[in-house]
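Beneath this line is the structure, given in structure tokens, with notes to follow.
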Amino acid sequence: MIERYVLGLEEIDKTQVAVVGGKGANLGELSRIEGIHVPAGFCVTTDAFRRIMTTAPWIDDQLDQLDRLSRLDPGDRQAIRTLSAEIRRALSRIAIPDDLAAAIARSVTRLGEQAAYAVRSSATAEDLPTASFAGQQDTYLNVVGLAAILKHISRCWASLFTERAVAYRLQNGFDHRLVQMAVVVQQMVFPQAAGVLFTADPVTSNRKVVSIEASFGLGEALVSGLVNADIYKVRDGDIVAMAVATKQRAIHASPGGGTQEQPIEPAQQDQPALTDAQIVRLAQLGRRIEAHFGHPQDIEWCLVDDEFQIVQSRPITTLFPIPAVSDQGNHVYISVGHQQMMTDAMKPLGLSVWQLTTRRPMAEAGGRLFVDVTQVLASPASRAGLLEVVGKSDPLTGDALRTILERDGFIPSLPDGGPGEPVPGVAPATIETDPALVTELIGRSEASIAALKRDIRTKSGSELLDFILADFQELRRILFDPQSNQVIMAAMQTTWWLNEKLQDWLGEKNAADTLTQSVPHNVTSEMGLSLLDVADVIRPHPEVVAFLRDVRDEGFLDELAKLAGGQEARDAIRAYLDRYGMRCVGEIDITRPRWSERPTTLLPMILTNIKNFEPGAGERRFEQGRQEAWKKEQELLERLRALPDGERKAEETKRMIDRVRTFIGYREYPKYGMVSRYFVYKQALLDEAERLVRAGVLGEKEDIFFLRFSELQDVVHTNQVDDELIRQRKEAFRSYQALTPPRVLTSDGEAVAGAYRRADLPTGALVGLPVSAGTVEGRARVILDMAEADLEPGDILVTAHTDPSWSPLFVAITGLVTEVGGLMTHGAVIAREYGLPAVVGVEHATHLIQDGQRIRVNGTDGYIEILP
């Protein structure tokens, strides 16, 4: 292969990232777009960088140290800082070989030896569709003379190992050895104004709004934060918003090279950096660039003599994708993950299994699921029902929907009686209050799962995949049984009735919270209490406790029998896993590792229970909750009887209390049955994947997680797989993991944020949705990974979201705060069951509350106070 050390921008296109880095490839591609002006220049290629690296083989030892540090202690910033600095110093001291320097000199001569230049880093893992690396490497402006250009090229090479660049690669999973550095050298432009343009609004993600930031002089003033920029918003060729900042300083080129700050004349400080005509013209250029690259772009521009020069364009990597549709109409989507308490990205097999489970197809974007509610919102009748149900369960989503409805014409309204879609939960549940209904539903589900386990054992190959596909019909039959739905709706509607009526009659807020403690048939709360029983078995055996504290291997259960008391401990844990081992964090995604697959996940909770509780705590906890509910019932009925028409109100309330206590526990069971079935499917599919690995079809059995179910059927049938498809899916999944899904998303890509709109809060309080009454003070434990939980008595759990797998932690805490959640989501139901004050839907709670801070949680009125 012939090495090329220097390429002119006119020789470069977007396919040459490996040769000229992301920035260089994009600039070369930009120069090919008609009507787009790019300053002339050239790239010093990655061949030159590798040439430099080969002259210093000892750098390999330093990279080995960096790799070891990355694996063993990626959080040791001081060590990373020190080692990165050593590598930078070593690179910057290497002399550029004569032939390489001569090649660079020829390109400088061609462009003009006396000209000033911008020298800019261009790494091969930079300005990519899935990771921008913006600002991670160095840029030098107004570099004059060949000697200075060569010196700054060396500095750019060294900037591949700035601390921030190394940390960014660690965070995004890039191998330090595989990233190469090219350098872009361009003629310097001296603009009247400069800035950035986003072809999608960076605040709302709206793809139809261009956002421009502008300041006087070089764009460095804006990038460095020296000045507040003007902000202009353009939609469909019209300026829809303009905020002109006071710009007191600017950065300009210095006569001898480099840059300097200069004050702006007072009369000019409040003037727009661009005219209206220039703003519209720049927005049009942005749309042209976006169309060429096929993705929303983050564009750097300069205005020189009323002509725009484009000095960079990179993909915007932080936008949440938009679900694909077959029409051009407007759409509104609600996040499924916010209802299921699992907002993490799902793998393709998980998405397709969920789609096979649901009654109708859902939209997909960014590895998440969404429900298209456009038709429901279009009909006045169904719209009111949706807003009522959503408003009660998740006010932020409800408010976001109302915000969209207030916009003229975004959702055309159907005439009254038009074909809007039905809204679950609006029609009153009509079933009788009969405990036998619940036991019958649970019995039918358990019998069906037992039959599945029996019948699936004999299936393999295509027969297995066909069998599972057919069994989804049985799963849907049980999951969407009308009687099951009636029980759940009766529980929810009775809860609302109790809260509304008792507030009206007695001024009692959220009375149902206490009334629904320790109800029968709540499989999720039973799961938490059962782990207390496991702790009771292990607690008397100190050797076992000591062993469990140091466990790292998932095969630890086999080792337990060798210890005194180990047999009993093993049997207790296995019995628990037999009942609950199909659960895990993010359990709606079939690909997530279950407790039975990673039993070490349970150990922090078991050890916390051993430390914090006395024997018999599980039974006492349940009985205490039952007694509190009974006392609350008696108190309320007595107060009601003292009211006018009190006997009738007390009698009606008693019927409702009996009804909610009969049915509310079942609310948790359908999901338990679903994930039980998922785990049976998963075990069989992984056995089949193991066969495909042995046959050399798959590289590893977990590769099936990156195939949709129908694709997996084809692989099993043909014994062939598209390895490139799996690689692309893995890369896409990694990028999706870094995204935060919105509660509400439009077809414009806009993430519509809702608000609580409350003025009755203490100063500085964090607002949320009250889901379990009571007030508690304690130490905040901000925990994002359940396996890292180390709780003390009196702690309050603060986390992003909790699905049923978090419930065993609830027995050890005194309050709950989550960023995601609703009135009837799992965390709220279990908090009420255990009598824990809880506030959910507290946006950014895990950032605004520091681990270890003392806080007060008001679960009755829905706010958190951070205490001194």
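The values are calculated or read from the model by the stated rules, or taken from the named source; none is laboratory data. What you see is a predicted model, and the numbers here were worked out from it, not measured in a lab. Positions of Cβ are backbone-derived with ideal geometry, glycine not excepted, and every protein chain shown enters the neighbour counts. Just the protein is used for accessible areas: all its heavy atoms, side chains included, with ligands, DNA and RNA removed. Shrake-Rupley method; radii C 1.70, N 1.55, O 1.52, S 1.80 Å.
Laid out as a table, the results:
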| item | result |
| --- | --- |
| Cβ-Cβ under 9 Å pairs, at least 6 apart or on other chains, region 765-777 side closer than 9 Å to G862 by Cα, far side open to solvent by 20 Å² or more (accessible area, probe 1.4 Å) and in a strand (DSSP E or B) | L766/Y863; L766/E865; L766/I866; V767/Y863; G768/Y863; P770/Y863 |
| Residue match in region 676-688 (condition: touching a helix residue (DSSP H, G or I) at 6+ places or on another chain (Cβ under 9 Å), of a type in the set (F, W, Y) and closer than 27 Å to Q486 by Cβ) | yes |
| Subset of region 693-704 (residues that are crowded, with 20+ Cβ neighbours inside 10 Å and hydrophobic (A, V, I, L, M, F, W, C)) | L698, I704 |
| From R4, R32, residue being open to solvent by 40 Å² or more (accessible area, probe 1.4 Å) and closer than 20 Å to G286 by Cβ | R32 |
| Any hit, region 716-729, residues being at pLDDT below 95 and either of a type outside the set (F, W, Y) or part of a helix (DSSP H, G or I) (or both) | no |
| Hits in region 539-563 (condition: small (G, A, S) and modelled with pLDDT of 95 or more) | A546 |
| Among (1) in a helix (DSSP H, G or I); (2) open to solvent by 10 Å² or more (accessible area, probe 1.4 Å); (3) within 27 Å of P599 (Cα to Cα), the one test that P793 misses | (1) |
| Some residue of region 292-305 being part of a helix (DSSP H, G or I), farther than 30 Å from D408 by Cβ and at pLDDT 90 or above | yes |
| Residues of region 823-846 satisfying the condition of being touching a Leu at 6+ places or on another chain (Cβ under 9 Å), under 22 Å from P520 (Cα atoms) and not in a helix (DSSP H, G or I) | L823, L836, P837, A838 |
| Flag if E432 is surrounded by fewer than 18 Cβ atoms within 10 Å (Cβ to Cβ), at pLDDT 90 or above and not in a helix (DSSP H, G or I) | yes |
| Criterion (more than 30 Å from P321 (Cα to Cα), exposed (fewer than 15 other Cβ atoms within 10 Å of the Cβ) and without any contact (Cβ under 8 Å) to a residue 40 or more places away in the chain) met by exactly one of D236, D276 | D276 |
| Options Y140, Y168: the member that is modelled with pLDDT under 95 and touching a His at 6+ places or on another chain (Cβ under 7 Å) | Y140 |
| Every pair of residues 6+ apart whose Cβ atoms lie under 7 Å, when the first sits in region 152-163 and is within 11 Å of T139 (Cα to Cα) while the second is small (G, A, S) and open to solvent by less than 10 Å² (accessible area, probe 1.4 Å) | C156/S121; S159/S121; S159/A165 |
| D550 without any contact (Cβ under 8 Å) to a residue 24 or more places away in the chain, open to solvent by 60 Å² or more (accessible area, probe 1.4 Å) and within 20 Å of G673 (Cα to Cα) | no |
| Spans of helices (runs of 4 or more DSSP H) in region 313-406 with at least 1 residues under 20 Å from the mean Cα position of the chain (by Cα) and touching a residue at least 12 places away in the same chain (Cβ under 8 Å) | 337-340, 348-357, 395-405 |
| Test set (1) at pLDDT 95 or above; (2) touching a helix residue (DSSP H, G or I) at 6+ places or on another chain (Cβ under 6 Å) - D536 fails condition number | (2) |
| Near pairs, Cβ below 7 angstrom, 6+ apart or cross-chain, from region 553-568 (under 17 Å from T600 (Cα atoms)) to any residue that is outside any helix (DSSP H, G or I) and of a type in the set (D, E, K, R) | E554/R598 |
| Given (1) open to solvent by 30 Å² or more (accessible area, probe 1.4 Å); (2) in contact with an Asp or Glu (Cβ under 6 Å, 6 or more places away or on another chain); (3) within 30 Å of P296 (Cα to Cα), number of the condition G754 does not satisfy | (1) |
| Q713 being out of contact with any helix residue (DSSP H, G or I) (no Cβ under 7 Å at 6 or more places or on another chain) and within 30 Å of E446 (Cβ to Cβ) | no |
| Number of the condition not met by E261 [criteria: (1) of a type outside the set (A, V, I, L, M); (2) part of a strand (DSSP E or B); (3) open to solvent by 60 Å² or more (accessible area, probe 1.4 Å); (4) in contact with an Asp or Glu (Cβ under 9 Å, 6 or more places away or on another chain)] | (4) |
| In region 636-662, the residues that are without any contact (Cβ under 8 Å) to a residue 40 or more places away in the chain and under 44 Å from the mean Cα position of the chain (by Cα) | K654 |
| Single condition K247 does not satisfy, out of (1) in contact with a helix residue (DSSP H, G or I) (Cβ under 7 Å, 6 or more places away or on another chain); (2) among the basic types (K, R); (3) over 27 Å from Y140 (Cα atoms) | (3) |
| Set D790, D803, D851, D795: member being touching a strand residue (DSSP E or B) at 6+ places or on another chain (Cβ under 7 Å), within 24 Å of D344 (Cα to Cα) and touching a residue at least 12 places away in the same chain (Cβ under 8 Å) | D851 |
| Search result, residues across region 356-374 that are open to solvent by 40 Å² or more (accessible area, probe 1.4 Å) and not aliphatic (A, V, I, L, M) | R359, R360, P361, E364, D372 |
| Matching entry among E628, E559, E614 (being open to solvent by 40 Å² or more (accessible area, probe 1.4 Å) and assigned to a loop (DSSP other than H, G, I, E, B)) | E614 |
| Top-ranked residue of region 831-865 - restricted to ones that are among the β-branched types (V, I, T) and closer than 19 Å to L784 by Cβ, ranked as surrounded by the most Cβ atoms within 10 Å (Cβ to Cβ) | V857 |
| Every residue from region 93-113 that is part of a helix (DSSP H, G or I) and either surrounded by 15 or more Cβ atoms within 10 Å (Cβ to Cβ) or touching a Cys at 6+ places or on another chain (Cβ under 8 Å) (or both) | L100, A101, A103, I104, A105, S107, V108, L111 |
| Residue that is modelled with the highest pLDDT [pool: residues in region 309-319 that are farther than 18 Å from L9 by Cα and touching a helix residue (DSSP H, G or I) at 6+ places or on another chain (Cβ under 8 Å)] | P315 |
| Selection count, region 583-610, where residues are open to solvent by 20 Å² or more (accessible area, probe 1.4 Å), part of a loop (DSSP other than H, G, I, E, B) and not polar (S, T, N, Q) | 5 |
